[in-house]
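Peer 1: Here you go, one structure.
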Amino acid sequence: MKQFKVPSSKFKVNRSTCSFSLLTLYVLLLTVLMSCSPKKESIYRKTMIQMDTLVTINVVAESGEKADMAMGKAFGEIDKLGASLSFFSDEGDLSSINRNAGIGPVRVSPDTMEVIERAVLTSERTGGAFDVTVGPEISLWDFAAKQKPDDGKIRERLGLVNYQWITLDKKESTVELGRKGMLMDLGAVAKGFAADRAVEELKKNGIKSGLVAVAGDIRAFGLKPDGKPWRVGIRNPRQKGKDDELVATVELRDMAISTSGDYERYFVMDGKRYHHILDPRTGYPAEGCRSVTVMATDGVSADSFSTAVFVLGPEKGMEVLRRMGFEGLIIDKEGNMTTTAGMKDAIEFQRSN
Ligand code: AMP
Ligand code: MG
């Protein structure tokens, strides 16, 4: 089997790790609606369905009007990105790129160019464990119908998966997939990018503190009216009860956090769990982890590296997190939890775990 060759990098951050036993995740907001401060600032929250998922925006503002105006702009930005980066939409940049695979370059917006460029960078830094050209394999899997694709088909389509066949021309603002049948899927990076853009929009509209959660891809800035940082929960990937059970909560100080987990889209067949994060070397679900949470200063890094580290598995994944200078929590396939050293300052594990 091919091995991912993770390139050595200039970013050397030497940190020791710390192991814990048990549990996993999902990211849940722990914010309190409308908590008031002496300055009469309040937290305003709105949730909408965008990018085929739940998007929640919290902002600290002096008035509902100001909050509504800023949140409206941020939701507008997410909507625009959703239309252009969706794998399923027939319109927009991504579908044009896919329709023209093996045919020719497609002119795209600066946002699309940026997100693809960043995705390719993550591929390069993870030896291809992250690969947005995994689309032909992804489209074989139907998790809702609990259908495992034919092994021969999976093998055959591996010949269409390779981020090195993406050509980006920044001057012309074009993107090209080099082979017919290739499919780009930005599902592992677009939500983090949308969270980044939404935060920019909130700031442009005078908001000093807020939190944007595009499903499990979250970015926070500023402090809450009580002077405390925003806090999010990390879900246990193997829920025992009905309710969302957390393994830990994390303080976010001007940071982004993302979680990739094997519980988001999956089915179990003959005692084996098949989920939506694929190993681009094999076309099958990656096996080393139950979930990976990554904290970074921007949403694109947190989103793309949580997926990449999941594929790399706990050891290589932890090595990449340290090298990149990101913080994170890995819950391996046995339920063992390992964090980067810096994560210890921000994370609080739930007592019952
Ligand atoms: P996330 O939940 O951010 O980890 O993203 C998972 C989604 O990214 C999947 O539903 C696929 O659409 C896509 N994906 C799956 N495996 C990979 C991979 N190895 N590299 C890039 N994208 C992937
Ligand atoms: Mg991701």
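Peer 1: Please go through the range 195-214 and give me each residue that is buried (at least 19 other Cβ atoms within 10 Å of the Cβ) and of a type outside the set (D, E, K, R), ordered by number.
Peer 2: Of everything in the range 195-214, those that are buried (at least 19 other Cβ atoms within 10 Å of the Cβ) and of a type outside the set (D, E, K, R) turn out to be Ala195, Ala198, Val199, Leu202, Ile207, Ser209, Gly210, Leu211, Val212, Ala213, Val214.
Peer 1: Of all residues in the range 106-120, how many are hydrophobic (A, V, I, L, M, F, W, C) and more than 13 Å from ligand 1 (Cβ to nearest atom)?
Peer 2: Within the range 106-120, residues that are hydrophobic (A, V, I, L, M, F, W, C) and more than 13 Å from ligand 1 (Cβ to nearest atom) number 3.
Peer 1: Would you say Ile97 is more than 16 Å from the chain's Cα centre (by Cα) and not in a loop (DSSP other than H, G, I, E, B)?
Peer 2: Here the answer is yes, as Ile97 does meet what is asked.
Peer 1: Residues being within 16 Å of ligand 2 (Cβ to nearest atom), closer than 21 Å to Thr53 by Cα and not hydroxyl-bearing (Ser, Thr, Tyr): count how many of those fall in the range 262-286.
Peer 2: The qualifying residues number 7.
Peer 1: Right, something else. Checking Tyr274 against (1) surrounded by fewer than 24 Cβ atoms within 10 Å (Cβ to Cβ); (2) more than 16 Å from ligand 1 (Cβ to nearest atom); (3) within 25 Å of Ile331 (Cβ to Cβ), which test does it fail?
Peer 2: Of the numbered conditions (1) surrounded by fewer than 24 Cβ atoms within 10 Å (Cβ to Cβ); (2) more than 16 Å from ligand 1 (Cβ to nearest atom); (3) within 25 Å of Ile331 (Cβ to Cβ), the odd one out for Tyr274 is (2).
Peer 1: Any residue at all in the range 246-256 that's within 23 Å of Met343 (Cβ to Cβ) and within 14 Å of ligand 1 (Cβ to nearest atom)?
Peer 2: Yes, the range 246-256 contains at least one residue that is within 23 Å of Met343 (Cβ to Cβ) and within 14 Å of ligand 1 (Cβ to nearest atom).
Peer 1: Looking at the range 143-231, what strands (runs of 3 or more DSSP E) fall wholly within it and have at least 3 residues that are modelled with pLDDT of 95 or more and within 16 Å of ligand 2 (Cβ to nearest atom)?
Peer 2: 210-214, 217-221
Peer 1: Another one. Going residue by residue through the range 287-298, is there one that turns out to be surrounded by fewer than 24 Cβ atoms within 10 Å (Cβ to Cβ), under 14 Å from the mean Cα position of the chain (by Cα) and more than 14 Å from ligand 2 (Cβ to nearest atom)?
Peer 2: Yes; the residues of the range 287-298 include at least one that is surrounded by fewer than 24 Cβ atoms within 10 Å (Cβ to Cβ), under 14 Å from the mean Cα position of the chain (by Cα) and more than 14 Å from ligand 2 (Cβ to nearest atom).
Peer 1: Do you know which residues across the range 100-136 are away from ligand 2 (no atom under 16 Å from the Cβ), part of a loop (DSSP other than H, G, I, E, B) and closer than 17 Å to Ser306 by Cα?
Peer 2: Scanning the range 100-136 gives a single hit, Gly127.
Peer 1: Ok, one more. For the range 65-83, does any single residue satisfy the condition of being more than 17 Å from Ala190 (Cβ to Cβ), out of contact with any Phe, Trp or Tyr (no Cβ under 6 Å at 6 or more places or on another chain), assigned to a strand (DSSP E or B) and touching a residue at least 60 places away in the same chain (Cβ under 8 Å)?
Peer 2: Within the range 65-83, not a single residue is more than 17 Å from Ala190 (Cβ to Cβ), out of contact with any Phe, Trp or Tyr (no Cβ under 6 Å at 6 or more places or on another chain), assigned to a strand (DSSP E or B) and touching a residue at least 60 places away in the same chain (Cβ under 8 Å).
Peer 1: Looking at (1) touching a strand residue (DSSP E or B) at 6+ places or on another chain (Cβ under 9 Å); (2) surrounded by 14 or more Cβ atoms within 10 Å (Cβ to Cβ); (3) at pLDDT 50 or above; (4) not hydrophobic (A, V, I, L, M, F, W, C), which is the one condition that is false for Glu77?
Peer 2: Tallying (1) touching a strand residue (DSSP E or B) at 6+ places or on another chain (Cβ under 9 Å); (2) surrounded by 14 or more Cβ atoms within 10 Å (Cβ to Cβ); (3) at pLDDT 50 or above; (4) not hydrophobic (A, V, I, L, M, F, W, C), Glu77 fails exactly one: (1).
The values are calculated or read from the model by the stated rules, or taken from the named source; none is laboratory data. Treat the numbers as computed from the prediction; the structure is a model and nothing was measured. Every residue, glycine among them, receives a Cβ derived from its backbone with ideal geometry; neighbour counts consider all protein chains shown.
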